[in-house]
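Every number here is computed from the coordinates shown, using simple stated rules; none is lab data. Not measured: the values here are computed from a predicted model. Methodologically, a virtual Cβ is constructed for each residue, glycine included, from the backbone with ideal geometry; neighbour enumeration extends over all protein chains shown.
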Amino acid sequence: MTSEIKVSLFPESQRPEAQAQTARAALRVEHLTKYFGEQRILDNISFSLAEGESLVLLGPSGSGKSTTLRILAGLETPDTGEIFLNGRHIAHLRARERNIGVIFQDYALFPRMTVIDNIAFGLKIRRVKKRQRLAKAEELLAMVGLSEHRDKYPGQLSGGQKQRIAIARAVAYQPDLLLFDESFSALDPQTRVALRREIRALLQRLRIPAIFITHDQEEAMELGDRIAILNAGKLEQIGTPYEVYNHPQTEFVATFLGAANVVPGRWCGRVIELGNDRTLPGPEAVAPVQTTDVKVVFRPEDIILAHPNVPSVLGAETPLSLGRGEVQEITFTGAAETLLVKLLPRATAGLTLAAQDGKVTQNFIVKVTRSKWDADKLRLRAGDQVFVGLRHYQILRG
Ligand code: ADP
Ligand code: MG
């Protein structure tokens, strides 16, 4: 009966330091800390990057993403910490000695140079002979699909084209690492999606490790072999998009990457209490020695809605029940529908839930998403009553 329930316990906290020891890491960042004045901007950041791997730094504005990238590029100095690129200690090197390519949002192409000269520029200052550098530049131009724009100036190109040239220019001198700081955010959505697919394919072909910064979670999921989530200068979690989405280790990660319902509860014995009259079966085989405050986390798509008179249809899919609810709001978003559902007191009619220990759990509202097919099976409007079931939940420390 319980085969459908998947309860994740407090996940083991990952140790980025341990990962950084892996022998074949292309990049190892160890214990980076950075202050601006009194303010600690980066707090003991460690991670590593495998050969050819792409990592996305995701976090809210001001969380320290650009500062991390600027330190790697040599544009900013860390207060403490070490950086190793292909085993080479680089933290003391100047930017141009690091062999790292940086692609910013604003292209930064040379406006008075043609496209081909822009791409060849890095090779020129590295004293590559003219014929060789032009041949290399032509090859890269073809690779980013812009050969016919060879002799144009940057001002004559679209945003997406300029960014392709910037990437070709950065790749030209075979950098050991590429850094992208919000490189796609000035582009229109279609160009942006197309370009990031191209970049991903290009990087896989060239086997250049890369770090992308974005605050767009869809972009993060698509670009990153792994995602590192930064919050106020701290690395909250690093993992594959699947791990980070399905096993968030903190409330911040759960709510920043996708939507999540987070309800305070108490785990005692075999059950988890939510408020006075609502319980969920706790994880089997383990029970806390003493009552523990927890946060019960579930995603909008983890909820199943059923007609209140036939809640048994849920039974086949999940024995986890949150009882009855009332639909507050429905938003149609195309492939799916989003609902806000207020959970109703389960006990005798008229009896309101008392909040215990200051834990506000009475009449909490949960966010639900349903596919259009599920929505078709049970059409709902605001004001309708439903039965609310849960396919899965996760517990975090309270
Ligand atoms: P993000 O890229 O994640 O938006 P940043 O790394 O740019 O964040 O900035 C992190 C924090 O550091 C912000 O609070 C920002 O105001 C501050 N900061 C960045 N650069 C400087 C600087 N040169 N001097 C002082 N404060 C800075
Ligand atoms: Mg930034």
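Amide H contacts of D384 (H built 1.01 Å from N, in plane; Pro and chain starts excluded): V327 sit under 5 Å, all sequence-distant by 5 or more or on other chains. Reducing the stretch 91-139 and the stretch 265-283 to their Cα centroids gives an inter-centroid distance of 61 Å. Once the Cβ-Cβ distance between R381 and T255 is put in as r, and R0 is 25 Å, what FRET efficiency do you end up with, to the nearest 0.05? Efficiency computed from Cβ-Cβ geometry: 0.35. With Cα atoms as the point set, the radius of gyration and Dmax of the stretch 26-110 evaluate to 13.0, 37 Å.
Each residue of the stretch 241-251 was assigned a 3J(HN,Hα) from its phi angle through the Karplus curve 6.51 cos²θ - 1.76 cosθ + 1.60 (θ = phi - 60°); the sequence is x, 4, 4, 5, 6, 8, 10, x, 9, 9, 4 Hz, with glycine and proline shown as x. Normalised by the number of residues in the chain, the average gap of Cα pairs under 8 Å and 6 or more apart makes the relative contact order 18 percent. Remark on N231: its backbone amide H falls under 5 Å from those of E236, a criterion applied only to residues 5 or more positions apart or on other chains, H modelled at 1.01 Å from N. Computed over the chain with a Gaussian network model linking Cα atoms closer than 10 Å, the most mobile of I229, I304, I125 is I125.
The spread of Cα positions in the chain, taken along each principal axis and listed from longest to shortest, comes to 85, 45, 39 Å.
Given the pairs K65/K342; K295/K377; K342/K372, which are separated by over 28 angstrom at their Cα positions? Over 28 Å Cα-Cα: K65/K342; K295/K377.
Each of D43 and Q204 was given a label point 7 Å from its Cα along the Cα-to-Cβ line. The distance between the two points is 3.7 nm. Given springs between every Cα pair under 10 Å in a Gaussian network model of the chain, which of E38, E198, E138 has the largest fluctuation? Looking only at E38, E198, E138, the biggest GNM fluctuation is shown by E38.
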